[in-house]
Each structure stands twice: as C-alpha cells, then as structure tokens.
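Peer 1: Pasting a structure below so you can have a look.
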Amino acid sequence: MANFNIDSKSERTFDAIVIGSGMSGGWAAKELGDKGLKTLVLERGRDVKHNKDYPTTNMYPWEFAHHGQVTAEIREANPIVNRCYAFGEDAMHFFVKDKEHPYVQEKPFDWIRGYQVGGKSLLWARQTQRWSDFDFDGPARDGFAVDWPIRYKDIAPWYSHIEKFAGISGNLDGIAELPDGEFLPAFPLNAVEQRFSKHVKQHYQNRHVISARCAHLSKPNQIHFDQGRAQCQKRTLCQRGCPFGGYFSANSSTIPWALKSGHVTLRPFSVVESIMYDEKLGKATGVRVIDTNTKEAIEYYADVIFLNAAALNSNLVLLNSTSSRFPNGLGNDSGTLGKYVAFHNYSAHINAEWDGDKEWTTDGRNPAGGGYIPRFRNVYKQETDFLRGYAAGFSAYRYRETSSDGVGEDLKKNLVNDSLSGWKVGSHMMGETIPKKSNYVALDKSQKDQWGIPLLKIAVEYDDNDAKMKKDYVEQMTEMFTSAGFTNIKASTDNRAPGLDIHEMGGVRMGNDPKTSMLDKWHRLHACQNVYVTDGASMTSTSCQNPSLTYMAFAARAVDHAVSESKK
Amino acid sequence: MNRRIAIRNMALILGSAAVLPSCLHDNKGKPVVELKYLKLNGEQENLVSNLAETILPKTNTPGAKDLGINLFVFKMIDDCFDQKGQDEFMAGLKEFGDVVDKKYGKSFNELTAAERTAFANDIEKQSKDPNNKDKDAKATGFYWTVKGQTVFGYTTSKYFMTEQIIYELVPGRYNAMFPVKKKAAV
C-alpha cells in the first residue's frame, strides 16, 4: 500500500474500480477478485483490519472508563450520531462524528455513517431477509415510483450465492412472501416467542412469527472456515467487531478474501471526488480521488466502475461527476438522480407482559434477537387506506431483577439476591416508505467539505401514508398482543427523523425506461454503461426487509454481468 | 484486597482524570481528585467519598473506597453529566451538607459511621413515603445521584462481576428453552 507509484499512468490503471468497501463494495471486490480482474478498491476512511483493529472487542464492562456510557462532551458534540442505538463507549470509533463530515439538513435527517474499510457492515443489525415478487411487483401494482426491471427469479440465484458464503441462519419457513434461502440452523424461538408464533398461526391468516434470519454462523461450513471465521459465540457484542468472525462483515469476510486473491488492491484514505467521463468514448474512464491525508488529487483508470459508496454518498459522487454531456450529474438524462429517496419507518414500538411460562427461561444470548414477523398487510391485495406495509421484530425475554434498596450490608445482599423477572415481550415496526420526487438529495450550492467536495443537502420527510401505516401497526400489534393474552400492553411512537433507521435508499433508481430511471436491469447507468451502482442508491422501492442482503446479491449479480460483457 | 493496589488499578482504568492522592483523607480543604468541570474542595470531595462508603461500606467484602468506586462516582458526574446535572449535583451537595449540619450540629465528614448510616437510611425511608414533601429536595436528589453512580460502578466493577456474580464475555451458547429449575441449580 505504502508504495503507490502515482507517476505512471499504467500503475494507476486497473480492470475495475470499486468505490466503497462496505456491505456491497466488499462483495463487488470479492467477486471481481475471484474472477481474476485487477481491481482497485477505494475507501474514504481508514483501514480496519479484522481483529487487529477491533480495540474494544475483548474488553469487560469495567475496562471502559465510563463502563460503557457516553460522556456529556461527546453527546453534546454529536447530537445526531448519539441517537443511534449502537453508539456507545465500545463502538463509537466506528461511527462518523457529526462535525467530521458535515451535511446540510434541509429537513431533519439523521445520517448515520461509518467511514472505514468495512463501512457499516461492522455495525449492522445483521438481519437478512430475501425479497419476493410481492415486493418487486409493488410499484407496478400499486402505482408509485416505476416498475422494477427485475423480478425474484433474476436475483434468487444470487441470494443463494451470497447466503452460502456469508452464512445466514434461518428456518425453511415456506412463506411465499419471504422466500427461503441457503440457511445454517436457525436460532430457535424461546418459550413465549413460540407461544406467540403458534397463536398467530392459529388465529390469523397469512401472519407468521419466525426465527429472525441473520448473518451469524450458527454452524459454520468449510467455506466459512476458509475465510478464517468460526462459529458465533453468542457474545452479542457485534458492534465492536467480532474476533471469531461469527457474524458477516466485509472486514471478516469479503475484503480479506478479495485481497487474498492477489488481484485486488485496497486504498484507504481515498475519497472519490468524481467519476471521469470521456465524451468521445461515451463511457467512464476512471475516478478522481482526493487523498484525505495529503489532499492530493489522483486519477485512477479502469474499464468498469462499481459505485458502492453507500446510498446517499453514491448519489453525491454521481451528482458531482459533471461534464458537458452530463451537466446535471453522470448518467442523469432522466433528471431523476438524487430524487425518489426513501427509507424505513421505525418509529413505533410496543411492549407488554406475559404472565405465564414461568417454568421457562433462556440461557446464554440470542444473536438473532428473537422473532421476525414478515409483512402481512396489503400482500395479496390492497386492503387498507395506505399503500404497502411493515415487517416487525418480536422478542420475549426475562431479566435478572435486583433491588438496590438500602445501604451497607442490606444493599450488598440486595444486589446479589436476584430473582427472575416475569416475561416481557416487545416489537418494533419496520415500515416501507414510498419514494417521491420531493424526497431528494442534492449538492449544496456553496458549502464544501475540506477536500473541496460539495456538501450533500438532504430533504427527506415522512408523509400521510407513513402516519396511517404507523397507526395500523399499533392497532394490529395491540390486537395480536391482546388476543395472545399479553397484558399491560403499551404502544409508543416517537418522532425520530428519517435516517435513524439507517436504511436510506434510492436516488439512483433502477427502471426499464431511461427517461424515468437511472439504472438498467443490470445496475448499469442507462447512459453510461460501464458504471454500475449496486448499493442502496439503486433501490426503486424499499419494501420492508432489512436491505443489506439484497444489496450484496445485486453486487454479485452485477459483477457477473460486467465480466460476461467484457468477454463479448 | 490491598486498598492501595485496588485504587491504583482503578486509577489506571480511569485514566488521566484521577490523579493519585498520597492520602485520600487530606482534610486541608484541597481537592485531591483532579476534575475537569466539577469544582469541589477537599471537604466536599470527602463528603462524596464518605457517602459512597456509607452506601457501600467495607464489611467482610470490599467497600466503595477499596474498589475506587468513589473515584468512579466523581468521574461519571464530571464526564457524563451535562451542565444542568452538574449544577443540580453541586446545589444538592451544598444542601445535603446544610441538612446534616442542622440535624447533627456537625458536618457529614465528622459524623460517626453509625450516624452516617442512620442518616442515609432516613433518606431511603423518606423517599419511599409518598406523603413526604422533602423527597424531591435537592439534598435527596444528591443522595440518589451518588447512590445511583455508586451502585452502577459497583455492579459493573471487576470485583462484583467476577466474584459476586458470573459475567460471561463469551457465553458460547444460546438455549432458547431453558428450565428455570436448572438455572436456579446453577
């Protein structure tokens, strides 16, 4: 890495360039390396090597200066990222701090970012569900956005490809709206989760409570050992980086695998300023990078470019890649670039108690987090006054209850005299939002970052459909909880800004028609066919599954296409 | 456990904020713990340490001072409380001292251990009484702040998590259906 000869153009020329090293960029890098393409992976942040760069991974609670708490100084300096559930003393070094990389909030938007090799794949919640045609058909059936140019059959083999390598645990549930995959054994539901699952099955049509499918090695196969990964040890300290490689991250899996191929070069501290376009050739020729340490501009060249900078930053790169052919951003003939941004609505929760199954508890920790309820609203037909629907998490737990009454010997006794609480149950919504032209990102006209790149301006907000859906989630879950016999049911909604779901999507959407979309069915820019965008930016609609698995499948499929094209 | 070693270990953990005193009971009014925001004199510092030790005294097991929990309390309030929380803490500290003075005619630091314990127990009792008007007083708030941080520091201390309960960094297992009876036997 250290000996980059930037003087020679041939030294700066590759078969492929991947912009971004996270969830989808890692996959592009791995697939390109496997296929023998000389590939440069650009990462704007620092390198984070598996294990070596997980400084907190084996720390005990008492080894943290504040035993896990975030100091007031850091909270006050970082009102945005501090709202993220995983931003604690043990993992804050993997999050972008508010002041380091400013952006413009035309409307409130909590943009949660991880600028390092591996990106947010170190920090994700590891939930992985396939889409089905009930999702891909959505926009066409319900008349919003544009029709997806692909269907489940196009992506299914690539889901399998990803799942086998990444390691996804789950059951073969046989649910049409949530297709089964290549699963390692699921993490089972506990007594009350099972009870609720049975209850829902008996009393509701087409509603299911299943073991959450997640990217954890419940029972690794040879392919996982080959990556240097081992069985998940149920620490549930994943956000620190896992010394076992027990969950999938680019750091533990795709990036080291890609580097091992011998064809892939990783260059951290390299923020992409723009993709260069040659009008005579009618294609992109490479990327212009700013070294974030030296602020030196460097150009790299390649036949094919994969843009995987994470949804909104992929928008930024294209918006900032202007030429006389593309004055409004690379490939932006349709004028849709930066528009039709959407996200997931996570702003409702429900909690309750179950006064039974007292003879059962759990032992150890469940990395899957419990149960998952696939979307049941408006699946087979439109049945509500809002479009689309929501998935939901569901989990049941008991905890160690102690009293901290008294002082002295009384207190000491109370603190070790624990009893097991009764069962608590909880659920949260994950709602689909409808992409709209008015939800957009754009370049700020005057403000630039320290590398001279315009700041991203974000204008994204909820709408009436979201409000109605949120209300329906609360009603439906309250009813399901009530009929299951749960008590003390308390629904809570919050007014979180979009973004905190960390599922921002769109802006570079796929579609059949170049007049109304940016990408074709292979994730290529309609108007610049050697640039592929396979991260969240490419999403035409959001459905309500956790999106990472789909981005990974997109990336692998697109690489396969790019390589087969290059052989023509 | 050797107290000095325990405090030194704690100080190592706490990092630069805690400057190791040669003697924690410096009564000359000079503070011995270096804090960034909180301005405590030696008297006040001792009060907080003594209160932490009253809440969690050395018995046949280590107390707050043995485990450096009093230093942890300072650190948490100094680092993790916002300005408002720190102002409330300081106001409560003053009021707490005044209440003790009024009741006993001497300072909290001058009380015997038995008197301190009796005073703390009184606050605990009063706080539980719904008819008690004083339960929202600043002095009471101060007491619960110190107690909250003392209990948090203690229950997340190495001593507590290794010798009083079993904390598992690496459980290595998840049994979804586990009989409570079996758990009790463990």
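Peer 1: Hey, what's the per residue convex hull volume over the C-alpha atoms of the protein assembly as shown, in cubic angstrom? Mind showing how you got there, number by number?
Peer 2: Details: hull volume 134.2 nm³, N = 754.
Hull volume normalised by residue count: 178 Å³.
Peer 1: What distance in nm lies between label points placed 7 Å from Cα along the C-beta direction at A:Gln382 and A:Lys490?
Peer 2: 3.8 nm
Peer 1: Find the centroid of the Cα atoms in segment A:59-123 and in segment A:186-202, then give the distance between the two in whole Å.
Peer 2: For segment A:59-123 versus segment A:186-202, the Cα centre distance is 34 Å.
Peer 1: In the structure displayed, which of A:Lys413/B:Lys138; A:Lys521/A:Lys567; B:Lys30/B:Lys94; A:Lys38/A:Lys568; A:Lys38/A:Lys283; A:Lys99/A:Lys445 lie more than 21 Å apart, Cα to Cα?
Peer 2: On the way: A:Lys413/B:Lys138 28 Å; A:Lys521/A:Lys567 19 Å; B:Lys30/B:Lys94 17 Å; A:Lys38/A:Lys568 18 Å; A:Lys38/A:Lys283 19 Å; A:Lys99/A:Lys445 19 Å.
Listed pairs above 21 Å: A:Lys413/B:Lys138.
Peer 1: With both bridge residues required to lie in the protein assembly as shown, what share of the DSSP beta bridges run antiparallel, to the nearest 5%?
Peer 2: On the way: 61 of 84 bridges.
Among the beta bridges of the protein assembly as shown, antiparallel pairing accounts for roughly 75 percent.
Peer 1: Go ahead and estimate [θ] at 222 nm for chain A from helices alone: -39,500 (n - 2.57) per DSSP H run with n ≥ 4, summed, over the residue count, rounded to 500. Write out the running numbers ahead of the final one.
Peer 2: Details: 12 runs with 123 residues, N = 568.
Computed ellipticity for chain A at 222 nm equals -6500 deg cm²/dmol.
Peer 1: If you don't mind, another one. In nm, to one decimal, how far is the modelled label at A:His203 from the one at B:Glu115, with both set 7 Å along Cα→Cβ?
Peer 2: Calculated label separation equals 6.2 nm.
Peer 1: Still on this structure, I have one more. Over the whole of A:88-97, what's the average partner chain Cβ count within 10 Å per residue? Rounded to a whole number, please. List each step's numbers first, then the result.
Peer 2: Details: counts 0, 1, 0, 0, 0, 0, 0, 0, 0, 0.
The mean count of partner-chain Cβ atoms within 10 Å per residue comes to 0.
Peer 1: A further question on this structure: Highest first, please rank the peptides B:52-62, B:163-173, A:322-332, B:107-117 by the mean number of other Cβ atoms sitting within 10 Å of their residues. Don't skip to the end; give the middle numbers.
Peer 2: Working: B:52-62: 20.2, B:163-173: 12.8, A:322-332: 18.0, B:107-117: 15.6.
Highest-to-lowest ranking by the protection proxy: B:52-62, A:322-332, B:107-117, B:163-173.
Peer 1: Per-residue mean of other chain beta-carbon atoms within 10 angstrom of the beta-carbon, peptide B:65-78?
Peer 2: Working: counts 0, 0, 1, 0, 0, 0, 0, 4, 0, 0, 4, 5, 1, 2.
Average neighbour count from other chains, rounded to a whole number: 1.
Peer 1: Tally Lys and Arg at +1 and Asp and Glu at -1 over the other residues with C-beta under 12 Å from the C-beta of A:Trp522: what net charge comes out?
Peer 2: Working: positive: A:Lys521, A:Arg524, A:Arg557; negative: A:Asp154, A:Asp520, A:Asp560, A:Glu565.
Taking every Cβ under 12 Å from that of A:Trp522, the sum is -1.
Peer 1: Further question on the same structure: Counting only residues 5 or more places away or on other chains, whose amide H sits under 5 Å from the amide H of A:Ser270 once H atoms are built in the peptide plane?
Peer 2: Amide H neighbours of A:Ser270, under 5 Å, 5+ apart: A:Glu43, A:Arg44, A:Gly45, A:Thr292.
Peer 1: Test of understanding: extend the Cα→C-beta vector of A:Glu182 to 7 Å, then name every residue of segment A:209-223 with backbone N under 17 Å from that spot.
Peer 2: Hits in segment A:209-223 for A:Glu182 at 17 Å: A:214-223.
Peer 1: What ranking of A:Met552, B:Met177 emerges when the number of other C-beta atoms within 10 Å of each C-beta is taken as an exposure proxy, fewest first?
Peer 2: On the way: A:Met552 31, B:Met177 14.
Arranged by neighbour count, lowest to highest, A:Met552, B:Met177 become B:Met177, A:Met552.
No lab work stands behind these numbers, since they all come straight from the coordinates. Keep in mind it's a predicted model, so treat the numbers as computed, not measured. Neighbour counts are summed over all protein chains in view; Cβ atoms, including those assigned to glycine, are modelled from backbone coordinates with ideal geometry.
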